[in-house]
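The structure appears right after this line, and notes come after that.
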Amino acid sequence: MDNSGLLVKVYNLNKKLEGVGHLLSINSDTIKIKGDDLPEIKSGTKVYIEIYNELTGISPYICEIGVASRNQLNAHIKSRENIIERRNSLKVRTDLSFYIETLIRNGEDITKDVPSMKLNVLNLSVGGMLISSNYDLLINDEIKFHFQYAKYQLILINAKVIRIDKKQRHDNDDLETVNYGCSFEKMARYNESVIMQYLYDRQLQLYRNR
């Protein structure tokens, strides 16, 4: 099974978040991670790595750094811990909408070029979201927006566009919908807990409305 592209988080052994990337490959010995701003950790350093899979949960590993640069990190697996089931982090349908705070493209802030840019969140998980928008987006666009849920404080979410889904009409070649798959970047544990609580409550709501 090809698991490339899954969200990966790298922590030190004190569980302090060091960096976030996406899985390039994994085998019985080595985890390879790709990204744009990975931690440059000294070879031989032990780290704690979590691989996020929306279907199976979180796979935690104790690893030793082989080679680490800003764009790729290779780590040798020393041990694997039990999968953490995250049933409330599975992808759920939503009816949320948010206005963006910033849009970064190719390292440049172009927010002024997209006034009143709105995101419609079609589904959400702890690792990312599927959205539509009133402006066209590109792969690697970075979006920041505030997420507010019930009694919880406003949290700032950073997301990156990693996929564009285009659906054409059946009767001609015109596009019917364009959606964007996004992954969340460097999410703090408190922010993650707010998203998880929303997902849990939303699942209950959808179940009751069936």
Original post:
Tally time: how many residues in the stretch 7-43 are over 16 Å from residue 68 (Cα atoms) and in contact with an Asp or Glu (Cβ under 9 Å, 6 or more places away or on another chain)?
Top reply: 1
Subject >> Answer residue from the stretch 10-65, given it is in a loop (DSSP other than H, G, I, E, B) and hydroxyl-bearing (Ser, Thr, Tyr) and is farthest from residue 190 (Cα to Cα) among those >> reply: 28
Subject >> When residues of the stretch 124-159 are limited to those that are over 25 Å from residue 19 (Cα atoms) and in contact with a strand residue (DSSP E or B) (Cβ under 6 Å, 6 or more places away or on another chain), the one surrounded by the most Cβ atoms within 10 Å (Cβ to Cβ) >> reply: 133
Subject >> Members of the stretch 173-203 that are modelled with pLDDT under 80 and either surrounded by 18 or more Cβ atoms within 10 Å (Cβ to Cβ) or more than 20 Å from residue 149 (Cα to Cα) (or both) >> reply: 173, 174, 175, 176, 177, 185, 187
**OP:** State the number of residues belonging to the stretch 120-172 that are at pLDDT below 90, out of contact with any His (no Cβ under 9 Å at 6 or more places or on another chain) and not basic (Lys, Arg).
**Re:** 15
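The values are calculated or read from the model by the stated rules, or taken from the named source; none is laboratory data. Note that the coordinates shown come from a computational prediction; the quantities given were computed from them, not determined experimentally. Here the Cβ is made from the backbone with ideal geometry for all residues, glycine too, and neighbour counts use every protein chain on show.
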